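Student: Following this message is one structure expressed as C-alpha cells.
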C-alpha cells in the first residue's frame, strides 16, 4: 500500500465507523389500549403497518412503561431512569397552570443528547410534555430539529386552538396544521430523507389516539357501516391514521434501503383511558392513571433486521426504561456508571446470547398508588392495603392472594419499601383547573 492509498483508507475510516451505527427510530402512541392492535388481538381496527413490526421483529407480551400517565412515563423513557428517582412523578396540568420548574429536570440528560454525543443527527416530531419554558425545550435537550407541541394534548386540526400550547417548528409558532398525525409522520419522513447518509435518531411521539377525538373524513370513511358507536368509529379512524403514519416511516426507510440498518421501536405511553377515548385494554384490568396492568402494560414492538429474529414473541418483562441503554449499545456506546440507569440493554436477551431475564423486579409509584412485579407475581396498592396477583394464571388481576400468600406479600412489600427509599418527593403536583373548582363549589352538599 502506497502513501496515497494509506491516507485514503485513513480518511475513510471515520465514515465507515459512522455508517456502521444503525439508525434509530422511536415511535410512541398516546393513550393506546393494549388490545387495540391486530398483533395484540384486536379484530376491529386494521393496523397492518404496526403489525408488520411484530412480524419482522419482536412483540413483547409483557412490555411496560414506568408510569400510567403521560409526562412521567416520558421522563423515564428519555432518561432510562425511574422518574420518581428525580421527582418527576405527575403531569403538570395545563400550560397556563404549570409550575415554573415543570419539565424534565435539568440535572437529567435526555436520550437525544446521549445519541448526539455518539454522532447522531437527532429530530423530534410530535408531543413533548416535558417542559414549557425555554430551558426545557426539546432543542435544549439534545434534538437538532423539532416540530410539535410542548403540552399534553392538542387539537389535531387547529394549530391555534390552545394559545398557551401552540405548535412549533423549532421555536417559531406554526399558524396552520392539516392533521397532526399526518403532519408529524410527514415531518419525520422528511427528516429521514435529509439525513439518510448519516446515523439519525427519529423520535416520533404521536398525539394519536389521545383526546380530543378528531379524524379526517377519509379515515372515518374506512369504517363506514363497520362500527356503530360514533366515538369508537372516530377512535378507529385516528388509529388507522397513525398506522398509515407508521407505514410512511417504514416505506421511507425501505425507499432508501435503510430498513436493514435501522433499529425501530413502537410502544404506547400508557394504557388506554377507555372512558375517554374508547380504547380497549383486554384482557387486562384497569386503565390509564392506574397501576393495574391496564394502566402500565402496553403494546411494545421492536425490529432490527438481521439482529433481532423475525416473528419473535418475548414473554419476560421489559420496560421503556430499557430503550435508552439498548439504543446506546446499538450505537456502540457504553453507559457510564454515573448515568445511574435503571434500564438494561435488551439486545443480548433478544438475540439469545443472554439466557437470563432483563429484570427480576420492576417497580412503580404514582402518588398513593404503587406496584411491584417480581417474576410472575405482582403486588399493588391503590392507596389502601396491598393486593397480590399471580399474573401467569391471572392476567386480569381478579384473585387477590395476599392472605393465602402472606409471607410473599410481606417480602415483596419490604422490597418495594426499600426501592422507594431511593425516590424523591414529587417536584410538583397537578393543579386543578380554576373553573373546575368553581363548579365544585356550586354543587349541593
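The values are calculated or read from the model by the stated rules, or taken from the named source; none is laboratory data. Model, not experiment: these values are computed from the prediction. When we count neighbours, we look across all protein chains shown, and the Cβ atoms used for this are built from the backbone with ideal geometry, even at glycine.
Student: Just give me the residues in the stretch 262-281 being in contact with a strand residue (DSSP E or B) (Cβ under 6 Å, 6 or more places away or on another chain) and either without any contact (Cβ under 8 Å) to a residue 24 or more places away in the chain or under 24 Å from residue 307 (Cβ atoms) (or both), in sequence order. Talk me through it step by step, then tell me what you get.
Tutor: Taking the stretch 262-281 first, the residues in contact with a strand residue (DSSP E or B) (Cβ under 6 Å, 6 or more places away or on another chain) are 262-269.
Once the filter is applied, which keeps residues that are in contact with a strand residue (DSSP E or B) (Cβ under 6 Å, 6 or more places away or on another chain) and either without any contact (Cβ under 8 Å) to a residue 24 or more places away in the chain or under 24 Å from residue 307 (Cβ atoms) (or both), the stretch 262-281 yields 262, 263, 264, 265, 266, 267, 268.
Student: Can you tell me how many residues within the stretch 16-52 are in a helix (DSSP H, G or I) and buried (at least 22 other Cβ atoms within 10 Å of the Cβ)?
Tutor: Applying the first criterion (in a helix (DSSP H, G or I)) to the stretch 16-52 yields 16-20, 38-40, 48-52.
With the extra rule that they be buried (at least 22 other Cβ atoms within 10 Å of the Cβ), the set shrinks to 40, 50.
The total comes to 2.
Student: Given the residues 187, 160, 220, 193, which is the only one that is part of a helix (DSSP H, G or I) and either without any contact (Cβ under 8 Å) to a residue 60 or more places away in the chain or under 24 Å from residue 102 (Cα atoms) (or both)?
Tutor: On the way: 187 fails: either without any contact (Cβ under 8 Å) to a residue 60 or more places away in the chain or under 24 Å from residue 102 (Cα atoms) (or both); 160 fails: part of a helix (DSSP H, G or I); 193 fails: either without any contact (Cβ under 8 Å) to a residue 60 or more places away in the chain or under 24 Å from residue 102 (Cα atoms) (or both).
Sole residue among the options that is part of a helix (DSSP H, G or I) and either without any contact (Cβ under 8 Å) to a residue 60 or more places away in the chain or under 24 Å from residue 102 (Cα atoms) (or both): 220.
Student: Just checking, how many residues over the stretch 163-184 are over 22 Å from residue 248 (Cβ atoms) and part of a strand (DSSP E or B)?
Tutor: Within the stretch 163-184, residues that are over 22 Å from residue 248 (Cβ atoms) and part of a strand (DSSP E or B) number 2.
Conditions tested, residue by residue: (1) in contact with a strand residue (DSSP E or B) (Cβ under 7 Å, 6 or more places away or on another chain); (2) under 16 Å from residue 57 (Cβ atoms); (3) crowded, with 19+ Cβ neighbours inside 10 Å.
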{"site": "310", "(1), (2), (3)": "no, yes, no"}
{"site": "320", "(1), (2), (3)": "yes, no, yes"}
{"site": "324", "(1), (2), (3)": "no, no, yes"}
{"site": "336", "(1), (2), (3)": "no, no, no"}
{"site": "343", "(1), (2), (3)": "yes, no, yes"}
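Student: Here's a follow-up. Got a sec? Which of 148, 152, 126 is surrounded by 24 or more Cβ atoms within 10 Å (Cβ to Cβ) and in contact with a helix residue (DSSP H, G or I) (Cβ under 6 Å, 6 or more places away or on another chain)? Spell out how you get there, then give the answer.
Tutor: Details: 148 fails: in contact with a helix residue (DSSP H, G or I) (Cβ under 6 Å, 6 or more places away or on another chain); 152 fails: surrounded by 24 or more Cβ atoms within 10 Å (Cβ to Cβ).
Of 148, 152, 126, the one residue that is surrounded by 24 or more Cβ atoms within 10 Å (Cβ to Cβ) and in contact with a helix residue (DSSP H, G or I) (Cβ under 6 Å, 6 or more places away or on another chain) is 126.
Student: Got a number for residues in the stretch 19-54 being more than 19 Å from the chain's Cα centre (by Cα) and under 30 Å from residue 119 (Cα atoms)?
Tutor: 4
Student: Also: Can we say residue 96 is in a loop (DSSP other than H, G, I, E, B), farther than 30 Å from residue 200 by Cβ and more than 15 Å from the chain's Cα centre (by Cα)? Write out each step before concluding.
Tutor: Numbers: in a loop (DSSP other than H, G, I, E, B): no; farther than 30 Å from residue 200 by Cβ: yes; more than 15 Å from the chain's Cα centre (by Cα): yes.
Criteria not met by residue 96.
Per-residue answers, yes or no, for (1) modelled with pLDDT under 95; (2) buried (at least 20 other Cβ atoms within 10 Å of the Cβ); (3) touching a strand residue (DSSP E or B) at 6+ places or on another chain (Cβ under 6 Å):
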position	(1), (2), (3)
168	no, no, no
174	no, no, yes
186	no, no, no
191	no, yes, yes
195	no, no, yes
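Student: Does residue 211 satisfy the criteria of being touching a residue at least 12 places away in the same chain (Cβ under 8 Å), outside any helix (DSSP H, G or I), farther than 27 Å from residue 115 by Cβ and touching a strand residue (DSSP E or B) at 6+ places or on another chain (Cβ under 8 Å)? Before the answer, list the steps.
Tutor: Details: touching a residue at least 12 places away in the same chain (Cβ under 8 Å): yes; outside any helix (DSSP H, G or I): yes; farther than 27 Å from residue 115 by Cβ: yes; touching a strand residue (DSSP E or B) at 6+ places or on another chain (Cβ under 8 Å): no.
In short, no.
Student: Still on this structure: Can you name every residue in the stretch 382-430 that is within 16 Å of residue 285 (Cβ to Cβ), surrounded by 14 or more Cβ atoms within 10 Å (Cβ to Cβ) and touching a residue at least 40 places away in the same chain (Cβ under 8 Å)?
Tutor: Hits for the stretch 382-430 are 382, 391, 395, 396, 397.
Student: Let me ask something additional. Would you tally the residues in the stretch 281-308 being buried (at least 21 other Cβ atoms within 10 Å of the Cβ), farther than 20 Å from residue 80 by Cα and more than 14 Å from the chain's Cα centre (by Cα)?
Tutor: Going through the stretch 281-308, the residues buried (at least 21 other Cβ atoms within 10 Å of the Cβ) turn out to be 281, 284, 286-288, 290-304.
Imposing the further condition that a residue be farther than 20 Å from residue 80 by Cα reduces the set to 281, 284, 286-288, 290, 292-294, 304.
Add one more test, that the residue is more than 14 Å from the chain's Cα centre (by Cα), and what stays is 281, 284, 286-287, 290, 292-294, 304.
The number of residues fulfilling the criteria is 9.
Student: Could you list, in sequence order, the residues of the stretch 64-110 that are in contact with a helix residue (DSSP H, G or I) (Cβ under 8 Å, 6 or more places away or on another chain), at positive phi and in contact (Cβ under 8 Å) with a residue 40 or more places away in the chain?
Tutor: If the condition is that a residue be in contact with a helix residue (DSSP H, G or I) (Cβ under 8 Å, 6 or more places away or on another chain), at positive phi and in contact (Cβ under 8 Å) with a residue 40 or more places away in the chain, then 80 is the only one that fits.
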